[in-house]
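Here's the structure, in structure tokens; my notes come after.
We did not get these values from a lab; they are worked out from the coordinates using the rules stated. This is a predicted model, so every value here is computed, not measured. Cβ placement follows ideal geometry from the backbone for every residue including glycine, while neighbour counts extend to all protein chains displayed.
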Amino acid sequence: MQCLECGETIYQLDNGHLLNCSSLTLQEYAIRHHLPLDMILHSDQINLPDHVDNYSRPVARPTEAARQTLLGLRWSGLLQERDAFVEVPGEVRRLDLLLWALDYLSDYGFQFHQDYEYRADSHRVVAKNRLRVPLRNLVNEWATPEPPPAFLGALAVYMAHVAEWHAGYLFMAFSRPIYAESVREQLARDFNIQCQQLKLSDSSDELLLRTQTLADGIKLLDLLKSRLIAIPTAWERFKAETPQASVTKELVFDSAHFITDHPAKCSNLHGGRYVLQVEVTGRIDPVTGCVVDYGYLKQVVNQLIIERFDHHHLNYAAEELAWRSSTEMLCVYIWEQLIDYLPGLSGIRLYETTNSWCDYQGRTLAEQQAAGSDPVLHPFKNLPAQAANRKRLLNKFGQSTVAACQVN
């Protein structure tokens with residue numbers, strides 16, 4: 001086999017050769033030369049076993065930087081138990097970030113592995129980058145009575161690995177609500193940075209924090225700037241100038257409704273299939289290659305819109321639509337439900353039939369926070385203001401009711 005980097009003819013390509021001649025791992029080599037791993041690897045390089053005896057014990061007292069790194073990864077949910085091991089997964093684009101973490105986590109006995117696994121579901125070999133350590137090495141660390149690691153150091157590690165930057169707002173998903181609440185409280189108490197809690201799913205413990213305002217997001221990045229700049233691939237995820245793009249997700253729901261006081265057939269109860277297209281615009285994350293993950297986009301729209309309306313009666317599923325469940329009003333309502341989770345929301349299109357649809361662009365999240373819900377959704381909210389006018393009806397309805405009661 002000839003190495004396409006150095007031209008040397010060798011029996012077998014491995015990381016040892018490639019790192020010496022090109023500083024590439026096998027996975028990076030395969031991507032760079034657009035070759036499937038199946039054509040590069042020998043069978044004895046695939047599905048290799050591992051054993052806890054291959055690892056050293058942790059040092060007696062890990063450094064403060066090591067403790068901060070471990071805590072940040074614990075908040076993120078990236079410390080994953082697998083058999084007798086704990087693993088930290090890392091995508092190929094974040095390989096330098098994974099190796100940066102290894103510099104500190106080696107205190108606990110972590111080692112780097114690029115494993116090659118045959119996947120029967122896709123009929124191909126895939127590479128997995130991981131930091132791995134025996135579970136036994138961390139038991140005492142998680143039970144230690146020592147003071148917790150420095151907050152900002154751990155938070156920077158956490159943000160470097162999983163935080164997202166959308167339209168000027170930071171999104172931070174935590175594996176457990178207790179971690180999210182602890183971070184939210186400390187940011188508010190010590191740094192006057194406010195975060196809003198967003199629940200992703202009723203069936204999951206995962207909790208999402210989003211900086212409350214544009215100013216909160218800027219303040220948090222400024223607070224952690226020096227730390228994030230020192231972590232590979234971290235700062236660029238939030239501040240690198242990259243192309244803008246728009247992505248759209250289409251989802252479908254079936255609902256019944258009627259249009260109150262409509263002069264034609266729409267006043268009758270009828271049903272139909274609604275097709276909803278949700279568009280989000282923003283900069284392309286240089287590490288993930290995405291504006292927003294389609295999975296997250298689908299999860300948000302499903303939770304907030306589809307589950308509420310699918311096979312339900314629009315007029316009774318949301319009080320804002322009780323009077324007028326038109327596509328226009330429905331679009332305004334949908335926008336207000338989604339904007340907290342999707343601040344890059346740039347447009348929605350809602351088909352009521354294949355020939356009838358509504359396009360809508362609502363307020364930005366900052367505008368929504370300042371103005372509140374659009375009054376068009378709440379025509380009956382200020383009825384007490386018309387109380388004097390309505391009291392004229394008492395002469396007709398009030399007296400008749402009294403008379404009827406007396407007769408009975």
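Side notes on the structure shown:
- Overall, the chain carries a charge dipole of about 1560 debye about its Cα centre when +1 sits on the Cβ of Lys and Arg and -1 on the Cβ of Asp and Glu, all other atoms neutral.
- Once Rg and the Kirkwood radius are both taken over the C-alpha atoms of the range 39-88, their ratio Rg/Rh works out to 1.11.
- Per residue convex hull volume, Cα atoms of the range 111-234, in Å³: 180 Å³
- The C-alpha atoms of the chain define a longest principal axis, and helix 214-229 lies at about 0 degrees to it.
- Neighbour counts of C-beta atoms inside 10 Å place Cys6, Cys21, Cys195 in the sequence Cys6, Cys21, Cys195, starting with the fewest.
- Share of pairwise Cα-Cα distances greater than 19 Å in the range 167-252 is 51 percent (whole percent).
- The gain in end-to-end length when the Ala245 to Asp14 segment is fully stretched comes to 79.4 nm, 0.36 nm per residue minus the alpha carbon separation.
- Ellipsoid equivalent to the range 244-382 - semi-axes via the Cα gyration tensor, in Å: 28, 17, 12
- A Förster radius of 25 Å combined with the Cβ-Cβ distance from Val139 to Asp50 puts the calculated FRET efficiency at roughly 0.85.
- When only alpha carbons are used to place a centre, the range 145-200 and the range 247-295 end up 31 Å from one another.
- Charging the Cβ of each Asp and Glu at -1 and of each Lys and Arg at +1, and nothing else, the dipole of the range 244-382 about its Cα centre rounds to 140 debye.
- Sorted by Cβ density within 10 Å, fewest first, the residues Ile339, Ile348: Ile339, Ile348
- Per principal axis, descending, Cα span of the chain in whole Å: 101, 52, 43
- Between the residues Ser346, Val300, Leu314, the greatest Cα displacement towards the positive end of the dipole of the range 244-382, with unit charges on the Cβ of Lys, Arg, Asp and Glu, is found for Leu314.
- By the count of other C-beta atoms within 10 Å, a proxy for reagent exposure, Asp374, Asp216, Asp205, Asp222 are ordered fewest to most as Asp222, Asp205, Asp374, Asp216.
- A Gaussian network model of the chain, with springs between Cα atoms under 10 Å, assigns the largest mean-square fluctuation among Gly362, Gly282, Gly372 to Gly372.
- Radius of gyration and Dmax over the Cα atoms of the range 83-158, both given in Å: 15.0, 48
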